[in-house]
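Step one of this worksheet: look at the structure below.
The values are calculated or read from the model by the stated rules, or taken from the named source; none is laboratory data. It should be emphasised that the depicted structure is a prediction, and the values quoted were computed from it without experimental measurement. Calculation scope for accessible area: heavy atoms of the full protein, side chains included, ligands and nucleic acids excluded. Shrake-Rupley method; radii C 1.70, N 1.55, O 1.52, S 1.80 Å.
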Amino acid sequence: MIFIFSPGLLTGQLIVQNNLTPEQLVQQVLVGGGVAVSNVTYQGTNMMRGSFSNGHGTNLGLDEGVILSSGSVFSVPQPASAQASSGFGQPGDPTLNTIATSSTHDASVLEFDFIPTADTLRFKFVFGSEEYPEYVGSSYNDVFGFFVTGPKPNGLGSYVNHNVA
């Protein structure tokens, strides 16, 4: 299926695409200059990952970036009242299970190694859940993690799956 968007009709809405490979998402969208990237891997379906733009017209706080979803990335711009569950039948993720304190399903996991050439590295991220109001406090929990493994600043040991989210 091909989606054609008219900029005049999308004022205030995210523009979502899923035409990039995981490597392209990391190298062209997620990281900027001064970062060497390698070993990019992705778990999930093509419909569960993508990129977005036109975020400045929303309350998201980011103009453009990468979307990882447990459902279809094309559901993200829809109104919050719309049912967005997809159920792709994909496996969960053991590291995310530790946060959720139960089994996860349809995990969308993007992993990569990186080496910055400067002394500071920044990532901005936003976590959202269409299911939050209905399922908060139940056994169904959406979960997000941003895990870092590698040397700590100033040589003070190492991080191992340290969640910075």
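Using amide H atoms built 1.01 Å from N in the peptide plane, name the residues 5+ places from I67, or on other chains, whose amide H lies under 5 Å from its own.
Close amide H contacts, sequence-distant or interchain: G50, S51, F52.
Working with all protein chains in place, sort I115, I15, I99 by solvent-accessible area computed with a 1.4 Å probe, largest first. Display every interim value, and only then the final one.
On the way: I115 115, I15 40, I99 65 Å².
Heavy-atom accessible area, descending, gives I115, I99, I15.
To the nearest 500 deg cm²/dmol, what mean residue ellipticity at 222 nm is calculated for the chain from DSSP H runs of n ≥ 4 alone, each contributing -39,500 (n - 2.57), summed and divided by the residues? Intermediate results must be reported in sequence, preceding the final value.
Values: 2 runs with 11 residues, N = 165.
Computed mean residue ellipticity for the chain: -1500 deg cm²/dmol.
Ignoring ligands, DNA and RNA, what percent of the 1.4 Å accessible area of the chain is carbon and sulfur? It would help to have the intermediate numbers written out before the result.
Values: 5730 of 10870 Å².
After summing per-atom areas, the C and S share lands at 53 percent.
Keeping all protein chains in place, calculate the accessible area per residue for the chain (probe 1.4 angstrom), answer in Å².
Details: 10870 Å² over 165 residues.
Dividing the accessible area of the chain by its residue count gives 66 Å².
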